[in-house]
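Just so it is clear, none of the values below were taken in a lab; they were calculated from the coordinates. No experiment lies behind these values; they were computed from the predicted model shown. With ideal geometry, Cβ positions are generated from the backbone for all residues, glycine too; neighbour counts draw on all protein chains shown.
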Amino acid sequence: MKLLIIGAGPAGISVAETLRKHDTRSSIVMLSSEPYPPYAPPAILEYFQTGQEVHFWKGESFADQFDLDYRSGVEVIALHSDEHSVKLGDGKTLEYETAVIATGSRLHAPLENAEMPGIYNFKSLSAAEALIQKVREGSAKNALIVGAGFIGVEIALLLRDLGLEVTQVEMEDRVMPRILDAETSAIVIDAMRKRGINVQLNTKATAFTGKEVAEAVALESGDTLTADLLIAATGVKPNIDFLDGSGLQTNWGVIVDEKLQTNLPDVYAAGDVAETFDRLTGEQYVHAIFPNAVEQGKIVAHNLLGEKLVYEGAESINSLKHLGLPLIAGGHMVGEELRVKRGESLRKVYIQDDQIAGYRLVGDLRAAGIFRSLMNKRVNVSQFKNRLLRLDFGMGIIQDLALSPHYML
Ligand SMILES: Cc1cc2nc3c(=O)[nH]c(=O)nc-3n(C[C@H](O)[C@H](O)[C@H](O)COP(=O)(O)OP(=O)(O)OC[C@H]3O[C@@H](n4cnc5c(N)ncnc54)[C@H](O)[C@@H]3O)c2cc1C
């Protein structure tokens, strides 16, 4: 097989790594539009937090290790499925027998003038380097972050730790509104404010303003906020523009079937670029998190090997690493809410149809692993529902599970 992997993020790397475990004969070309060896995006924050050198995921010699032809700084600008080829940014053409689209996602900023120079983001190592460079130069004393989703909150904490005055505006009434309920969000906001971050809720930014370079953010209220550093953290969007005219079916992301194959012969997709179904609700959307990208890459590799493996569906799981208080949010906030607060710790479990539909843990995360496992395996928890909030739940896991006649691993 002559395989072309477009993208060298967690999804693309996972395809190559899994394939190579079983197939040493196929040729693999992997392209990345970025000028680096592959890296793990969740680790970027850590590098700048600790001042460590960037440690490239799988090491700098990964291309030799996986026996592949890695070409960085090479962008695909079109896919011609009839000819089984892609067009590159330098005008050259590259042929493939089988292609995997693993181009991930980029910043999605639905604000006027969002393309203006002078607006920073953290969506890639290149983007993060540019932002942190401004901080290191000492030319930025304060920052304004638009959006308080998961990445926005992590950036706020990082920039505050690096000594900047940070203001964060969020149009909803809470931070991380898609994954946190009001109570859990309030704990995060409290911790952020104690760290000196100025969190402004119910504050909708509508445009970046400035002559040639962005200088301020206009709010729906009519007010304007300025800062040395303007940062957009308003969401992500799959990198699919290069697929225009290819005949490949897209919606918000690339549409794939349960084997993660697209509508085009010999083309698969995995990671943030792919619209996959949720393992609990069946809903089709882009689940832009690391473990999904890695798992999808594995499924694609096995299917490239002809195994006809069916994807179990994407999961929803996020954790905040730099809040000073551990927090994890898994699954969905639907159904009956069970809740217990002990000091700084909060545990919430959502039950629907006798199964765990989601959980939110702050402070004490010890039950996270068992909740995730029970949820993903759709275990009927009705027999031990009243024990889910106990501090020792999951500690005597065999006894806990023995209570459930429906439990099957
Ligand atoms: C700062 C940050 C922190 C995060 N923290 C977490 C976390 O804690 N936990 C978690 O689960 N998830 C986290 N995520 C999300 C997670 O990193 C992504 O879900 C994951 O990286 C998706 O992997 P991917 O391979 O699909 O895409 P990406 O990682 O986006 O990689 C895409 C690759 O495609 C290349 N590419 C794009 N377009 C083209 C083109 N036209 N031609 C050639 N190459 C192209 C890019 O250069 C890149 O190599 C974080 C993301 C960021 C940005």
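Of all lysines in the structure, the ones whose alpha carbon falls short of 19 Å from that of K58, not counting any fewer than 8 places away in one chain, are K21, K298.
When each of the peptides 150-160, 304-314 is scored by the mean number of other C-beta atoms lying within 10 Å of its residues, the order from highest to lowest reads 150-160, 304-314. Sorting the segments 46-52, 278-284 by their residues' average number of neighbouring beta-carbon atoms within 10 angstrom, most packed first, yields 278-284, 46-52. Counted over the range 46-111 with a bin width of 10 Å, the fraction of Cα pairs per bin, in whole percents, is 15, 32, 35, 16, 3. Take the Cα coordinates of the range 250-409, assign each an equal point scatterer, and use the Debye formula without solvent to give log10 I(q)/I(0) at q = 0.18, 0.20 Å⁻¹. Debye curve over Cα of the range 250-409, log10 I(q)/I(0) at q = 0.18, 0.20 Å⁻¹: -1.07, -1.19. Compared with the direct C-alpha span, the chain from T281 to L389 gains 36.5 nm at full extension, assuming 0.36 nm per residue. Straight-line reach from K87: which lysines have a Cα under 21 Å away, not including same-chain ones fewer than 8 places off? Result set, ordered by chain and number: K2. Given the chain reduced to its alpha-carbon atoms as identical point scatterers, what log10 I(q)/I(0) does the Debye formula return at q = 0.06, 0.13 Å⁻¹? Ignoring solvent entirely, the Cα scatterers give -0.27, -1.21. Here the 3J(HN,Hα) profile of the range 82-88, calculated from phi with Karplus coefficients 6.51, -1.76 and 1.60 at θ = phi - 60°, is 4, 8, 6, 8, 10, 9, 9 Hz, Gly and Pro shown as x.
Residue separation times 0.36 nm, minus the C-alpha to C-alpha distance between E46 and E344: what's the value? Write down the numbers at each step before the final one.
Working: separation 298, 0.36 × 298 = 107.28 nm, distance 2.48 nm.
Between E46 and E344, full extension yields 104.8 nm more.
Amide H contacts under 5 Å for A207: E112, A218, restricted to partners 5 or more places along the chain or on a different chain, H placed in the peptide plane at 1.01 Å from N. Among the listed pairs K204/K341; K123/K211; K141/K204, which have their C-alpha atoms separated by more than 27 angstrom in this model? The answer is K204/K341. When the chain is treated as a Gaussian network with alpha carbon springs shorter than 10 Å, the biggest mean-square fluctuation among E258, E170, E295 belongs to E258. Using alpha carbons only, the radius of gyration of the range 153-308 set against its Kirkwood radius gives Rg/Rh = 1.08.
Loop-located GluC sites (Glu not before Pro) in the range 332-400 (DSSP state other than H, G, I, E, B) with a sparse environment of at most 11 neighbouring Cβ atoms within 10 Å: E344. Under the criterion of Cα pairs below 8 Å and six or more residues apart, the relative contact order for the range 1-99 equals 32 percent. The relative contact order of the range 239-356, computed from alpha carbon pairs under 8 Å that lie at least 6 residues apart in sequence, is 16 percent.
Tell me the relative contact order for the range 167-280 as a rounded percent, counting alpha carbon contacts under 8 Å between residues six or more apart.
Details: 148 pairs, mean separation 17.7, N = 114.
Computed over the range 167-280, the figure is 15 percent.
Divided by 2.2 N^0.38 Å, where N counts the residues, the Cα radius of gyration of the range 1-141 comes to 1.19.
Distance between the C-alpha centres of the range 73-132 and the range 179-230: 28 Å, rounded to the whole angstrom. Note on the chain: with charges restricted to the Cβ of Lys and Arg (+1) and Asp and Glu (-1), its dipole about the Cα centre is near 1400 debye. The simple spin-label model puts a point 7 Å past each Cα toward its Cβ; for A216 and S319 those points are separated by 4.3 nm.
Under unit Cβ charges (Lys, Arg +1; Asp, Glu -1), what dipole magnitude, rounded to 20 debye, does the range 114-257 have relative to its Cα centre?
Numbers: 13 positive and 20 negative charges, 76 e Å.
So the dipole magnitude of the range 114-257 works out to roughly 360 debye.
Projecting the Cα atoms of S126, S61, F290 onto the charge dipole of the chain (Cβ charges, centred on the Cα centre) puts F290 farthest toward the positive pole.
Check the straight Cα-Cα distances from K348 and name the aspartates and glutamates below 13 Å, setting aside those fewer than 8 residues away within the same chain. Filter leaves D181, E183, E336, E337, D364.
A Förster radius of 35 Å, combined with the Cβ-Cβ distance separating E258 from R71, puts the computed FRET efficiency at roughly 0.65.
Run the numbers for H80 and E129: contour at 0.36 nm per residue of separation, minus the present Cα-Cα distance, in nm.
Working: separation 49, 0.36 × 49 = 17.64 nm, distance 3.35 nm.
Computed gain between H80 and E129 is 14.3 nm.
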